[in-house]
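The values are calculated or read from the model by the stated rules, or taken from the named source; none is laboratory data. Owing to the predicted nature of the structure, the values given are computational and were not obtained by experimental measurement. FYI the Cβ positions are ideal-geometry reconstructions off the backbone, even for glycines, and counts take in every protein chain you see.
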Amino acid sequence: MNRQPFVKLENGDSEKNGDNIRYFHHTLNSPIVIQEYLKAIDPIVALVMVFNFTSSVSIVSVNKYVTQLGFRFMCTLTCIHFIVTFLGLVLCSYMGFFKPKKLDIFAASRLALGNMGFVVLTNLSLRYNSVGCYQVLKHLTTPVIVFIEAVFYKIYLERKFYVPLTLVCVGVTVATLTDLELNFLGIFFGLTGVIVTSLYQVWCGTLQKSLEANPLQLQYYIAPLAAIFLAPLLPILEDYRPSSPFSIFQFEFTVKNVAMILLSSLIAFCVNVSIFMVIGKTSAITYNVLGHSKTCSIFLIGFLFFKQQFSWLNFSGIIITLWGVFWYTKLKLESSSSSGKS
């Protein structure tokens, strides 16, 4: 039995109406569809997404190991990440990988404040919320981005993406849900962090276009500004009292410990640059879908290597998430293929 490629539907209006469920199993198993997928994939976009996925998953594992060494000062570590990212970009510029471009300092500062803000608020949300509540709040970023893009930028998500995005958000919430304890301060920091993170991710894409800057040129400005904005807050957010037994000054900066912090910083350089690459090449929504798949991978790594608890509820959530991710990817490839042929 011959099967039609996914770009030729039986009913020309069905795709517009978001009726994709009927074609989902069919398209996943059709050899013609697989050929169409491979044609639609931009190798540069695929490479950038793999680069971001690998570096993001790696940095979580390395940071967990750093905390096990006793360095639990995550905001300080983030500030070090920004500094190392800037130094790495200076080196890349010197080696000729890109040419720095003069940008609007106010626009760059807005993005740097968003970068710094989501780091601080994410840490505060994790501090004042239970892990389960923190995860649920974090996953609100995707629908908030959809809302911001529609209201402020007139960028509307096609209806056919609603169901797979819902599956992704619900699945990753179930996968990471452990407990759900609510308190006012935690909810405040969590929701504020969602708004700031959503704005930051949207700006990552819009400012690249408006400033006509590539990811390296933009991050060349953002990294040092974010470090400057974050540095004065470190004594407030973390223990910098010399007399405290839990102070950062009590940490043993051995060769091994410093090496792990530097390794974390080098991976952070890859993460910081690849975020702009992914959003610039795709969209903030696609970056979020990629992020949810990373969350599931990180959860599995925690189970395999850090002996975190794992239940069938978590496993079912991962399956739902991956189903949503694959479905969303399928629809994005459909759109790419259709636009390429039109």
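Assorted remarks:
- Residues that are aromatic (Phe, Trp, Tyr) and more than 14 Å from Ala231 (Cα to Cα), drawn from the stretch 60-97: Tyr65, Phe71, Phe86, Tyr94, Phe97
- Selection count where residues are polar (S, T, N, Q) and either modelled with pLDDT of 85 or more or over 25 Å from Leu322 (Cα atoms) (or both), scope the stretch 136-165: 0
- Listed here are the helices (runs of 4 or more DSSP H) enclosed by the stretch 211-284 that have at least 2 residues being crowded, with 16+ Cβ neighbours inside 10 Å and β-branched (Val, Ile, Thr): 255-281.
- Lone qualifier among Thr122, Thr142 - being closer than 19 Å to Gly205 by Cβ and not aliphatic (A, V, I, L, M): Thr142
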